[in-house]
Every structure is written in C-alpha cells, then in structure tokens.
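Quick notes on the structure that follows.
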Amino acid sequence: MIKKIILSGMLVMLMVFVAACSGSQTTVAEDAQVQKRITVSGTGQVRVIPDVAYINIGVRNQAASVSETLDQNTLQAQAIKDELVNSGVAEVDIQTSSFNVYPQYNYDYEGNITDTVFIVENSIYVTVRNLDDLGMLLGKVTESGANSIYGISFDVTDKTEALKQSRELAIANAKNQAEEVATTAGVKLGEIISIDIYSSDTPYVMDSSGMGGGYYPQSATKVPISAGNYVISSSVTIQFAID
C-alpha cells in the first residue's frame, strides 16, 4: 500500500513537471515569432486645375400678399433659368435646391403686429462646365433677377490620374523615410509587412460675401472669378520588417 502511494505521488509530480516544461517551450516559440519592424507615414499631393463649378443662385421677394410675392418670384426665377439655358448651361445641370414661402411680421414697441409681408425664396443649384464663361454668366443671371449667389465651389470631373499620382508620391515619401531611419539606426530594411492608404481631395470654395451670406453683383459685367487649384492628397502608413 505504501509503495502504491509513493508511486502515485511520483507520477503526479512528473506530470506537473512535464506540463511546466511544455508551457515554457510554447512561450519561447511565441517570443521567437515576434518580428522587428519600423512604421513610417508618407504624404503626397497633386494640384490640378478645376474644370467645373457649382453655384447656388437664389431669388428672394417680399410683398403684401402671397400671390403677389409668388408671381414676382416666379417671373424672376424663370428669367434666370432662361438666361442660364441661353448661355449654354444644360437643363440637367439646373436643379431646384430650395423653395420657401413664409410670413414676416413687423411689430411696434409694445409688441403688437403692425403689418405682415410674405417672403418667397427660390434657389437653384447650377453646374457650370465652361469656366471661361463663369464670370459673364454670374453677371447675366444677376441682371435677370438673381439677388443672392451662395458659395461657389470648384471641382475636377475626373480625379483618377491625380489620385494615382498622389498615392505614388505618398508611397515614395514613406519609403525614403524608412530608408533614412534604417540607415541612421544601423539596421537593414526588409519586406513590407502592411500598408494603409487614405486619399482625399480639397476643393477651392469661394465665400462670395466674405461673411457667409449672399453675393450681389451690381451689373451684367463679367464678374472676376478665380478657380485656383484643386488639391488631391494621399497619405500612407507602411510597416517594414528590419534585420
């Protein structure tokens, strides 16, 4: 009986020892798999000339009755649309963006309503594809009845090639940084472990009023407009193995 107890105890101790050794071997194997690496980020920018513009053109009228205000607004809005079409803007590039009708009350010092006027606002979103005519077009629609022009923005119709170039520049920038770091640190640059790319574009937006409101040209002369540049950017984060 005593021999059996001793043998059982030795067997348990042996199993514990084997399990402990097995755990140590697994930890060493996992540590051996840890790979040395460096992470760098690069950026690339490409500037292109815009070839399209977007404009919000509006008409705002007020009168003593809804019908009178609506009639005035309708005449001016139609005149603006006709001018746009006659100037070469396609029908599909003219879209109603908002239409509002509401009363406006005037009060005396005691808070009593003295009179009421009705406001009608009609805005259209216009895509202009010939930027050479943009300045003259703004003058013409103003003469036709537009009394508010909001937030002119410029864009590029096809960004495919510019995006490709910006990504190439970003990757080249990241590789150069990795090589500089590796040389300075005295290590050898290895293969790429991972790569993440993010691209964006930044249009040039003109706030015509400078105060966030509308822009009111005074005549049908050519309004000076500058499309500027359109910036397309890419950023990349790359992990390199090092030896």
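The values are calculated or read from the model by the stated rules, or taken from the named source; none is laboratory data. Given the structure is predicted, the values throughout are model-derived calculations rather than measurements. Here the Cβ positions follow ideal geometry from the backbone for every residue, glycine too, while neighbour counts run over all protein chains shown.
Descriptive notes on the structure:
- Test: residue in region 43-62 that is hydroxyl-bearing (Ser, Thr, Tyr), over 30 Å from GLN165 (Cα atoms) and either surrounded by 15 or more Cβ atoms within 10 Å (Cβ to Cβ) or without any contact (Cβ under 8 Å) to a residue 40 or more places away in the chain (or both): no
- Residue pairs whose Cβ atoms lie under 7 Å apart, separated by 6 or more positions or on different chains, with the first residue in region 120-138 and under 14 Å from ILE152 (Cα atoms) and the second surrounded by fewer than 22 Cβ atoms within 10 Å (Cβ to Cβ) and aromatic (Phe, Trp, Tyr), are TYR125/TYR54; THR127/TYR54.
- Pair list, Cβ under 6 Å, 6 or more apart: region 82-102 residue aromatic (Phe, Trp, Tyr), other residue assigned to a strand (DSSP E or B): PHE99/ASN122; TYR102/ILE119
- Residue within region 190-202 that is modelled with pLDDT under 90, loosely packed, with under 13 Cβ neighbours inside 10 Å and on the phi < 0 side of the Ramachandran plot present: yes
- Filter result for the condition that a residue is over 27 Å from SER226 (Cβ atoms) and of a type in the set (Asp, Glu), over ASP71, ASP133, ASP93: ASP71
- Test result for TYR216, out of contact with any His (no Cβ under 8 Å at 6 or more places or on another chain), of a type in the set (Phe, Trp, Tyr), over 23 Å from ALA77 (Cβ atoms) and at pLDDT below 90: no
- The single condition among (1) touching a helix residue (DSSP H, G or I) at 6+ places or on another chain (Cβ under 9 Å); (2) modelled with pLDDT under 95; (3) hydroxyl-bearing (Ser, Thr, Tyr) that SER235 does not satisfy is (2).
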